[in-house]
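A.B. asks: Below is the structure I would like to discuss, written out as structure tokens.
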Amino acid sequence: MKRVDDFRLRLGKHELVPIMIGGMGVDISSADLAVEAARLGGVGHISDAMINTVSDRRYDTKHVKEKLAFYKYNVKNEDKSSVKFDLGRLAEATKLHVEATMTRKRGDGMILINCMEKLTMNAPKETLKVRMEAAMDAGIDGITLAAGLHLGSFALIEAHPRFRDVQLGIIVSSVRALQLFLKKSSRTGRLPDYIVVEGPLAGGHLGFGMDWAQYDLATIVAEVIQFLKNEHLDIPVIPAGGIFTGSDATAFLESGAAAVQVATRFTVSEECGLPADAKQEYFKASEDDIEVNQISPTGYPMRMIKSSPGIGDGIRPNCEAYGYLLDANGKCAYVTSFNRELAAHPGARKISVMDKTCLCTHMRNFDIWTCGHLTYRLKDTTRKAADGSYQLLTAEHIFKDYQFSTEQKIALPE
Ligand SMILES: Cc1cc2nc3c(=O)[nH]c(=O)nc-3n(C[C@H](O)[C@H](O)[C@H](O)COP(=O)(O)O)c2cc1C
């Protein structure tokens, strides 16, 4: 009987254990987690979501405080179009995070950075270019372009000296999205080095509408593999979303996938960036506690635990401090919803905003508990203590369980 360890993923010069830990913003897929994945011979991701904020927390910079001080005059203004990111600071924050992570890298694996293109930052192209170039300057092994798949992203960095040596991957949820991307980026003469195919059971934002339940990862993966074959393109295909056991992963590898991307099982690892109490919420969640809703201002459906403290919270938008979701015109759907509720409840001390959330603030504070569909199975992957708490797992334990387990078995910790 085959297991994941019978397969290898080839990316550039690397031969890897075909397990990729997916990017999880904001700093949920921490450097600690990525470094472990690489040490074990697989692929880890850090994320560049809210990188200035992450830099302040991890490396003692003061980007957020200073940005807020600079734009303080605008806090009560509905118009956020003047609130811009300083590109020099953005580059500095990205470099700090990438360098600090890459310096710690050991072993034969790789560390990539997940760049969410939906973080439009009130200047989508300029900021994305800076984020990607700074990551390459700082020695990242590769970049995974996620959520929003800006079709011109490769062209933004084609003049960079590492454009042809860095691994560049994309995340798609349909053959159509892949076709569009290949067509648009063909001008750069550069194909993606890997394609993550993310299905409807993944965590974070979904590349599907609210009819996500009608789609099936295995079907989409088969379509993508067939399309690449027809086009005579040899690009590794990496399924993601709901791959919970080593046997689930092996089934994909046996049907032509080059690796798998997984995330949910690592949300309860010691190395994961979520706070300890949030990890217990992930363990405790039942299937009914998890929903896909439309409160993300990005416009993409997002999966989360229903009791996330950020849901319904009507805080004042924090664009002057954060502002990662401001679009090219300085607009964010939460700002619109907040102002509508404010006008409807004049004089109220506290308002509630149900249709959208201030995602920057709540992801920063770990108050939106985004998760994969199979989060409700996490409790079966560990032991429960007498006080009702669940034992955290090491990333190594989870990684090796994926790598070596067979027959749908999940190894419990010592
Ligand atoms: C907590 C959490 C946060 C996530 N955040 C991101 C993200 O910022 N960007 C992204 O491209 N994918 C994100 N994802 C998706 C994962 O990278 C991955 O593709 C997917 O969750 C894999 O499915 P699984 O969680 O069922 O293993 C996130 C997933 C989780 C569980």
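A.B. asks: Kindly check whether there is at least one residue in the stretch 337-359 that is within 13 Å of the ligand (Cβ to nearest atom), under 24 Å from residue 201 (Cα atoms) and crowded, with 21+ Cβ neighbours inside 10 Å. It would help to see each step written out before you state the result.
C.D. replies: Our first condition is that a residue be within 13 Å of the ligand (Cβ to nearest atom); within the stretch 337-359, this holds for 359.
Restricting the remaining residues to those that are under 24 Å from residue 201 (Cα atoms) gives 359.
From what is left, the residues that are crowded, with 21+ Cβ neighbours inside 10 Å are 359.
Yes, some residue in the stretch 337-359 is within 13 Å of the ligand (Cβ to nearest atom), under 24 Å from residue 201 (Cα atoms) and crowded, with 21+ Cβ neighbours inside 10 Å.
A.B. asks: Could you check how many residues of the stretch 56-85 are closer than 20 Å to residue 329 by Cα and assigned to a loop (DSSP other than H, G, I, E, B)?
C.D. replies: Residues in the stretch 56-85 being closer than 20 Å to residue 329 by Cα and assigned to a loop (DSSP other than H, G, I, E, B): 11 in total.
A.B. asks: Specify the residue that is farthest from the ligand (Cβ to nearest atom); the eligible residues are those in the stretch 4-27 that are part of a loop (DSSP other than H, G, I, E, B) and crowded, with 23+ Cβ neighbours inside 10 Å.
C.D. replies: In the first step, residues of the stretch 4-27 are kept if they are part of a loop (DSSP other than H, G, I, E, B); the result is 7-8, 12-13, 17-18, 22-27.
Then drop every residue that is not crowded, with 23+ Cβ neighbours inside 10 Å, which leaves 18, 22-27.
Details: 18: 14, 22: 2, 23: 5, 24: 3, 25: 3, 26: 7, 27: 10 Å.
Here the residue is 18.
A.B. asks: Can you confirm whether the stretch 379-388 contains a residue that is closer than 26 Å to residue 68 by Cα and surrounded by 16 or more Cβ atoms within 10 Å (Cβ to Cβ)? First the steps, then the outcome.
C.D. replies: In the first step, residues of the stretch 379-388 are kept if they are closer than 26 Å to residue 68 by Cα; the result is none.
Checked the stretch 379-388: no residue is closer than 26 Å to residue 68 by Cα and surrounded by 16 or more Cβ atoms within 10 Å (Cβ to Cβ).
A.B. asks: Turning to a different aspect of this structure: Of the residues in the stretch 199-244, how many are assigned to a helix (DSSP H, G or I) and either under 23 Å from the mean Cα position of the chain (by Cα) or within 26 Å of residue 298 (Cα to Cα) (or both)?
C.D. replies: So the first thing to find is which residues in the stretch 199-244 are assigned to a helix (DSSP H, G or I), and the list is 212-214, 217-230.
Next, from what is left, pick out any that are either under 23 Å from the mean Cα position of the chain (by Cα) or within 26 Å of residue 298 (Cα to Cα) (or both): 212-214, 217-221, 224.
Qualifying residue count, the stretch 199-244: 9.
A.B. asks: Right, something else. Within the stretch 158-176, track down each residue that is over 16 Å from residue 197 (Cα atoms), within 21 Å of the chain's Cα centre (by Cα) and not in a strand (DSSP E or B). Talk me through it step by step, then tell me what you get.
C.D. replies: Just the residues of the stretch 158-176 that are over 16 Å from residue 197 (Cα atoms), to begin with: 158-167.
Keeping just the survivors that are within 21 Å of the chain's Cα centre (by Cα) gives 166-167.
Answer for the stretch 158-176, where residues must be over 16 Å from residue 197 (Cα atoms), within 21 Å of the chain's Cα centre (by Cα) and not in a strand (DSSP E or B): just 166.
Laboratory data are not the source of any read-out in this text; all were calculated from the coordinates shown. Only a predicted model underlies this, so the values are computations on that prediction, with no experimental measurement involved. All Cβ positions, even for glycine, are placed from backbone atoms using ideal geometry, and neighbour counts span all protein chains on display.
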